[in-house]
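Data block below; observations after.
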Amino acid sequence: MKKQYLDAEEKEIMEAIEKDEFVPLTGIELKRVADAIAARKKDMILTIRVNRNDINRIKKMAEKRKIPYQSYLSEIIHRISQTA
């Protein structure tokens, strides 16, 4: 099984759950989170040719963040698209 890595916020949530102190989102907050998740739904496949050295550097950057490089690339594309 693949080891899961949690960021600081996720660790805080897990600790709250374990201490039975977690309060789930409701109402407007829940809708805001649901809308953000829906906006990031991956529903298209992209195939491009890229330079091997570029991908190797991107893989190293993703590894430092402990995330798959394709997820990292997807996040970069998402951020760029938001500034357009």
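The values are calculated or read from the model by the stated rules, or taken from the named source; none is laboratory data. On a predicted model such as this, the values are computed, not experimentally measured, just so you know. Cβ placement follows ideal geometry from the backbone for every residue including glycine, while neighbour counts extend to all protein chains displayed.
Annotation note: Cβ proximity below 8 Å between a residue of the stretch 47-72 that is farther than 16 Å from K3 by Cα and a residue that is basic (K, R) and in a loop (DSSP other than H, G, I, E, B) (sequence gap 6+ or interchain) occurs for Y72/R65.
Yes or no, residue by residue, for (1) over 17 Å from P68 (Cβ atoms); (2) more than 19 Å from the chain's Cα centre (by Cα):
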| residue | (1), (2) |
| --- | --- |
| E15 | yes, yes |
| F22 | yes, yes |
| L25 | yes, yes |
| I28 | yes, yes |
| A34 | yes, no |
| I37 | yes, no |
| L46 | no, no |
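I'd like to check something: does the stretch 52-63 contain any residue that is among the β-branched types (V, I, T), out of contact with any Pro (no Cβ under 7 Å at 6 or more places or on another chain) and at pLDDT 90 or above? Yes, because at least one residue in the stretch 52-63 is among the β-branched types (V, I, T), out of contact with any Pro (no Cβ under 7 Å at 6 or more places or on another chain) and at pLDDT 90 or above. Got at least one residue in the stretch 72-82 being more than 13 Å from the chain's Cα centre (by Cα), at negative phi and modelled with pLDDT of 85 or more? Yes, the stretch 72-82 contains a residue that is more than 13 Å from the chain's Cα centre (by Cα), at negative phi and modelled with pLDDT of 85 or more.
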